[in-house]
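Have a look at the structure below before the remarks.
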Amino acid sequence: MSENPPIDLIDVCQLPSLGINPQFFNFMATTLESDHYIAVRETTSSGNAVAIVDLKNNNTLTRKSMSADSVIMHPTQNVIALRANGTTLQVFNLSTKQRLKSNVTSEAVIFWKWLDEEVIGLVTASSVFLWNVFDGTDAGPALLTSRHVSLANSQLTQLVSNYDHSWFALCGIAQENGAIVGHIQLYSKSRNISQHIEGHVCAFAKLKLGGASVETQLFACASKNADGGHLHILEIDHQDGAPAYAKKSTEIFFPAEIPNDFPVSLQISNKYGVLYILTKYGFIHLYDLESGKKIFLNRISSDPIFTATQFNNGSGAITVNRTGSVLAVEIATDRIIPYILNSLGDVELALSLASRGGLPGAESLFGQQFNQSIATGNYQAAVKIAASSAPLRTPDTIAKLKSLPTPPGQPAPILQYLVYLLDRGSLNKFETLELVRPLVAQNRIETLEKYLKEDKLDYSEELGDLIKPANTPLALAVYYKSNVPAKVVQCLAEVGQFDKILPFCDQVNYHPNFTVLIQNLLRVNPDKAAEFATQLLSSQPDLNVQQVADIFLSQNYIQQGTAFLLDALKEDKPADGHLQTRLLEVNLLHAPQVADAILGNAMFSHYDKPTIAKLCEKAGLFQRALELYENIKDIKRVIVHSNAIPIDWLVNYFGKLNVDQSVQCLREMLSNNLAQNLQVVIQVATKYSDLIGPITLIKIFEDFKSNEGLYYYLSSIVNVTHDPEVVLKYIQCAAKLGQVKEIERVVRDNNVYNGEKIQFCP
């Protein structure tokens with residue numbers, strides 16, 4: 001090979017090093033469907049065996065004894081199809097050990113091959129069939145067409161189809177007049193017509209020609225006859241909007257010292273628009289698909305080539321030679337354009353290939369043409385040159401095009417540039433942003449969505465930022481595809497899809513700062529922010545509850561902060577006492593009724609009770625204040641507000657006080673507001689009469705000159721007391737209040753009083 005060849009030769013593996021002896025290869029049963037697997041049928045002293053080689057990992061997956069007379073491996077999966085006795089067909093998934101399909105044909109299958117990931121093409125002596133292995137049915141092979149008579153005596157070597165199975169080609173070779181000749185049956189399914197073409201190998205391709213908005217379908221075939229080698233490339237099924245493709249015919253050079261050489265494989269790279277021809281005796285021919293021009297010729301194997309197929313997603317070719325060497329060849333993307341310029345001197349070819357495949361090496365040429373077109377005012381040419389050269393598709397080029405004047409009757413050059421690119425493919429990041437800015441400004445969201453669905457735009461964080469002010473859901477999709485999880489989460493919150501935030505974070509292994517996240521959510525939807533924060537309590541055990549609570553409470557979102565804290569503090573842990581205090585404080589200041597409910601439910605027990613008691617008092621929650629106060633001064637100050645405290649509760653509250661405290665409170669209540677508090681004092685005196693003592697209670701009423709209070713208090717105990725002084729006091733009060741009948745009743749029914757003292761009652 002030359003010092004800087006335009007191709008890379010890769011030694012994929014050596015089958016002998018994997019324990020496969022090339023002496024026992026049955027090459028007619030060795031299948032290479034792709035660069036994933038190769039099935040090698042071996043004939044040994046103990047019988048037939050098949051070895052499955054994983055080319056990606058350079059190891060033998062399995063070796064099994066098989067009676068099958070032919071095996072073919074799936075292009076990408078560990079799936080094998082076996083043929084026995086010519087008619088019995090079975091397909092197995094070797095990874096799952098599952099039989100996918102089986103069928104017995106009425107006529108022996110002479111040749112078969114995977115046409116794509118799902119369909120196997122089958123050829124018998126008379127017909128061609130298609131068999132969909134993955135259609136989920138038990139259907140057998142379906143008839144496609146009859147074999148052409150020209151292949152009747154040929155050894156079949158190839159069956160290929162185009163991308164949508166509308167065209168097929170069957171190849172065979174035969175020995176005629178001492179030479180190996182090739183025959184091809186080219187079949188159009190839509191027309192149901194076959195034609196014979198002279199050729200050894202062929203392939204279908206798709207190519208977007210310069211300036212075209214749709215792809216052109218091509219058919220290429222290579223042959224070797226007495227006149228020499230020939231490559232023919234022609235168009236099939238012309239598409240509207242595509243330029244006409246003139247048939248190309250090119251000679252293929254075969255060295256005179258190897259007269260029996262002929263093509264054994266033709267592989268096409270749709271990505272780069274190059275064509276690889278491998279010959280029997282190890283030569284590689286490289287051609288340009290669009291022009292048919294020869295690019296390179298060299299020998300890559302001194303041993304005969306047996307079989308070949310596509311390599312590296314169709315960018316090259318991979319082959320097996322007679323010694324068991326698995327070799328791959330593909331264009332050297334960094335060297336092919338310099339090679340064409342320096343060794344071939346073909347500027348046109350270099351520009352075409354560089355433009356089509358985005359290959360480096362012709363930047364200076366594109367730059368010169370671009371600047372020259374601008375200088376001469378040929379803006380349309382400048383647009384096409386810039387759009388056709390990957391190195392020129394930069395922000396600088398965009399800036400130059402934007403600075404150009406708009407020709408009369410034509411769109412602005414920058415718009416021409418973007419439209420030209422959209423018609424022929426997709427935009428890069430910078431072009432995408434340039435296109436989207438005016439679309440957003442003009443609120444043309446439907447047009448933007450259309451381009452996104454067509455995969456015409458380059459997803460980026462900057463694109464999402466540009467779209468977000470106009471359409472948050474669309475920006476969300478862009479951020480998702482651009483792998484910007486922080487902004488995905490933000491958008492999910494803004495569109496109210498809070499339930500999707502945590503699953504998304506788990507899916508992409510994103511660990512956001514939840515405190516900051518909640519702060520952002522709060523600006524959008526406070527209630528949902530609180531709901532989301534509550535969800536985090538179970539999924540994020542290390543969540544800083546105090547920080548989250550501060551986010552809500554510091555911004556005066558008391559209701560939302562309360563909802564969060566009530567859930568966070570439900571276990572009533574001693575360590576959370578300060579948060580319990582904080583929660584009660586803010587509610588006593590802003591929503592006393594909520595604090596009242598929390599205290600009434602006895603949810604917490606570790607808060608600062610004196611502090612909360614004072615706030616309860618200020619908020620008018622006197623019952624809660626009394627529940628918390630312990631100092632008699634505080635109790636006396638609060639208890640006088642009997643009108644704001646449930647009477648039954650207040651009466652029962654005195655049961656928690658000692659006698660001295662009770663007396664002090666009763667005196668304070670009468671001293672502060674006798675009229676308001678008298679009824680409560682009477683009830684307390686009545687209920688706790690035995691505990692406090694009638695004499696003490698009588699003195700309290702007398703000190704405040706409350707005959708009414710004393711009368712009603714004594715009336716509750718006069719019938720059960722044995723203390724004559726109590727009865728005497730009752731009679732005296734009744735006399736003062738004019739309760740004559742009550743005096744008569746007591747005098748009549750009571751034997752405890754001192755009659756002499758009664759006589760002197762005022």
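Projecting the Cα atoms of Leu427, Ile717, Cys616 onto the charge dipole of the chain, computed from C-beta unit charges around the Cα centre, puts Ile717 farthest toward the positive end.
Note that region 10-21 has calculated 3J(HN,Hα) couplings of 10, 7, 5, 6, 10, 4, x, 5, 9, x, 9, 7 Hz, one per residue in order, obtained from phi through the Karplus relation 6.51 cos²θ - 1.76 cosθ + 1.60 (θ = phi - 60°); glycine and proline are x.
Taking 0.36 nm per residue of separation and subtracting the Cα-Cα distance, full extension of the segment from Ser166 to Glu571 would add 138.8 nm.
For Phe296, the amide hydrogen comes within under 5 Å of the amide hydrogens of Leu286, counting only partners 5 or more places away or on other chains and with H modelled in the peptide plane. When each of the peptides 56-64, 310-318 is scored by how many other beta carbons lie within 10 Å of its residues on average, the order from highest to lowest is 310-318, 56-64. Taking each of Lys294/Lys450; Lys636/Lys699; Lys468/Lys528 in turn, the alpha-carbon distance tops 29 angstrom for Lys294/Lys450. Pairs with C-alpha atoms separated by more than 23 Å, drawn from the list Lys705/Lys736; Lys293/Lys429; Lys224/Lys293, are Lys293/Lys429. Against the main long axis of the alpha-carbon atoms of the chain, helix 694-703 sits at an angle near 80°.
Projecting label points 7 angstrom from Cα along Cα→Cβ for Ala244 and Asn673 puts them 10.7 nm apart. Between His511 and Thr406, the contour length at 0.36 nm per residue exceeds the Cα-Cα span by 32.8 nm.
Only the Cβ atoms of Lys and Arg (+1) and of Asp and Glu (-1) were treated as charged; on that basis the dipole of region 451-563 about its Cα centre amounts to roughly 140 debye.
Dipole orientation for the chain: of the candidates Leu297, Ala203, Thr307, Ala203 has the Cα lying most toward the positive pole (charges on Cβ; Lys, Arg +1; Asp, Glu -1). Estimated from the Cβ-Cβ distance and a Förster radius of 30 angstrom, the FRET efficiency linking Thr76 and Arg444 is about 0.15. Projected label points at Thr88 and Ala142, each 7 Å from Cα along the beta carbon direction, are separated by 2.8 nanometres. Name all residues of region 125-168 having a backbone nitrogen under 14 Å from the label point set 7 Å from the Cα of Asn192 along its Cα→Cβ direction, giving them as ranges. Correct set: 143-146. Placing dummy labels 7 Å off each Cα toward the beta-carbon, the span from Asn298 to Glu107 is 4.6 nm.
Per-residue 3J(HN,Hα) values for region 446-455, derived from phi via the Karplus relation 6.51 cos²θ - 1.76 cosθ + 1.60 with θ = phi - 60°, read 4, 5, 4, 4, 4, 5, 5, 5, 7, 6 Hz in sequence order (x marks Gly and Pro).
Charge dipole of region 70-151 (Cα centre as origin; +1 on each Lys and Arg Cβ, -1 on each Asp and Glu Cβ, all else neutral): 260 debye, rounded to the nearest 20. Applying 1/(1 + (r/R0)^6) with r as the Cβ-Cβ distance of Lys97 and Ser127 and R0 = 25 angstrom yields a FRET efficiency of 0.15. A run of the chain free of exposed loop cleavage sites, with GluC sites (Glu not before Pro) counted only in DSSP states other than H, G, I, E and B and at most 11 other beta carbons within 10 Å, reaches its longest extent at 4-256.
Stretching Leu234 away from Thr721 to a fully extended chain increases their span by 162.6 nm, per 0.36 nm per residue minus the current alpha-carbon distance.
In the chain, the longest principal axis of the Cα atoms and the axis of helix 740-749 are about 80 degrees apart.
For region 161-253, trypsin sites (Lys or Arg not before Pro) are listed when DSSP marks them as loop and at most 11 other Cβ atoms sit within 10 Å of their Cβ; the list is Arg191, Lys247. Positive end of the dipole of the chain (Cβ unit charges, origin at the Cα centre): among Ala139, Thr62, Gln546, the Cα lying farthest that way belongs to Gln546. Rounded to the nearest 20 debye, the dipole size of the chain about its Cα centre is 440 debye, using +1 on the Cβ of Lys and Arg and -1 on the Cβ of Asp and Glu. Straight-line reach only, C-alpha to C-alpha below 18 angstrom: list the lysines that Lys64 could link to, leaving out same-chain residues fewer than 8 apart. The reachable lysines, counting only those whose Cα sits under 18 Å from Lys64, are Lys97.
Read-outs: derived from the displayed coordinates by stated rules, not from any lab. These numbers were taken from a predicted model, which means no experiment stands behind them. Ideal geometry is used to build each Cβ from the backbone, glycine not excepted, and the neighbour counts take in all protein chains shown.
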